[in-house]
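Asker: The structure is given below, and queries will be raised subsequently.
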Amino acid sequence: MKRKILMSLMLFSALAMFGSTIYAATFLNYGYPSSTIPIRTYNYASAWQGPMDASLANWNNAGAKVQFVKTNNSPNTITAGNFNNTAYGVNYASVSGNQVVNFRIELNASTITADASNLSNFIQSVFVHELGHSVWLGDNPTTNSPSIMSYTRNRNSMTKPQTFDINNVRSRY
């Protein structure tokens, strides 16, 4: 009997310690209502177009159950330009209840180009991060696992949603 109780406590402790880290994301209290997320078609110089398109593919091919699709009539827009703030990117979402009605992502070319040692990777890291906000993910999750949502990630090398991010998005869709 004591052995069963001890084994149960050990199993519970292991699950609490290791099982909970998968879903310890910092979630926003809103997200896009559908797992297919339309984005208005954009067109930039190749130094930006390629990494931006790769960012959509990074989410679409991640196994997170979401698909970002470019279309001409989407209310969701992406703009790369020089903005008067210190952020690399911002996702401005219009929300009704717990659903994103539409969003506008701004990628700040002035801050990205100033800090990037690998421009393509840096653009992807910032854009993939901002897209994460559209699918419920908040900034700086409490985890030791790699996360595209972490402010301390290396933007010159981390370009894709990580297993931690993917599992948390899958839990919402």
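The values are calculated or read from the model by the stated rules, or taken from the named source; none is laboratory data. Since this is a predicted model, take the numbers as computed values, not measurements. Note: ideal-geometry Cβ built from the backbone for every residue, glycine included; neighbour counts use all protein chains shown. With ligands, DNA and RNA removed, areas are computed over all heavy atoms of the protein, side chains included. Shrake-Rupley method; radii C 1.70, N 1.55, O 1.52, S 1.80 Å.
Asker: Take the residues in segment 23-57 that are among the polar types (S, T, N, Q) and free of Cβ contacts under 8 Å to residues at least 12 places away in the same chain, then tell me which one is most open to solvent (accessible area, probe 1.4 Å).
Answerer: Asn43
Asker: Another one. For residues that are over 11 Å from Ile78 (Cα atoms) and not in a loop (DSSP other than H, G, I, E, B), tally how many sit in segment 39-48.
Answerer: Summing the residues that are over 11 Å from Ile78 (Cα atoms) and not in a loop (DSSP other than H, G, I, E, B) in segment 39-48 gives 3.
Asker: Which one of these does Ala62 not meet: (1) loosely packed, with under 15 Cβ neighbours inside 10 Å; (2) assigned to a loop (DSSP other than H, G, I, E, B)?
Answerer: Unmet for Ala62, out of (1) loosely packed, with under 15 Cβ neighbours inside 10 Å; (2) assigned to a loop (DSSP other than H, G, I, E, B): (1).
Asker: Right, next: If Leu15 meets every condition in (1) modelled with pLDDT under 95; (2) under 21 Å from the mean Cα position of the chain (by Cα) apart from one, which number is that one?
Answerer: The one condition Leu15 does not meet is (2).
Asker: For Tyr151, are the conditions met, namely being assigned to a loop (DSSP other than H, G, I, E, B), surrounded by fewer than 23 Cβ atoms within 10 Å (Cβ to Cβ) and touching a residue at least 60 places away in the same chain (Cβ under 8 Å)?
Answerer: It is false that Tyr151 is assigned to a loop (DSSP other than H, G, I, E, B), surrounded by fewer than 23 Cβ atoms within 10 Å (Cβ to Cβ) and touching a residue at least 60 places away in the same chain (Cβ under 8 Å).
Asker: Could I ask something else about it? Given the conditions (1) open to solvent by 20 Å² or more (accessible area, probe 1.4 Å); (2) farther than 19 Å from Gln49 by Cα; (3) not hydrophobic (A, V, I, L, M, F, W, C), and given that Lys160 satisfies all but one, which numbered condition is not satisfied?
Answerer: (2)
Rundown of residues vs (1) open to solvent by less than 40 Å² (accessible area, probe 1.4 Å); (2) among the aromatic types (Phe, Trp, Tyr); (3) modelled with pLDDT under 95, yes/no style:
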| residue | (1), (2), (3) |
| --- | --- |
| Val69 | no, no, no |
| Asn76 | yes, no, no |
| Asn82 | no, no, no |
| Asn85 | no, no, no |
| Leu107 | yes, no, no |
| Thr111 | yes, no, no |
| Ala114 | no, no, no |
| Val126 | yes, no, no |
| Trp136 | yes, yes, no |
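Asker: For segment 48-102, how many residues meet the condition of being under 18 Å from Asn121 (Cβ atoms) and over 17 Å from the mean Cα position of the chain (by Cα)?
Answerer: Of the residues in segment 48-102, 4 are under 18 Å from Asn121 (Cβ atoms) and over 17 Å from the mean Cα position of the chain (by Cα).
Asker: Mind telling me which of the residues Asn102, Asn140 ends up being among the polar types (S, T, N, Q), over 21 Å from Trp48 (Cα atoms), open to solvent by 30 Å² or more (accessible area, probe 1.4 Å) and part of a strand (DSSP E or B)?
Answerer: Numbers: Asn140 fails: part of a strand (DSSP E or B).
Unique residue meeting the criteria: Asn102.
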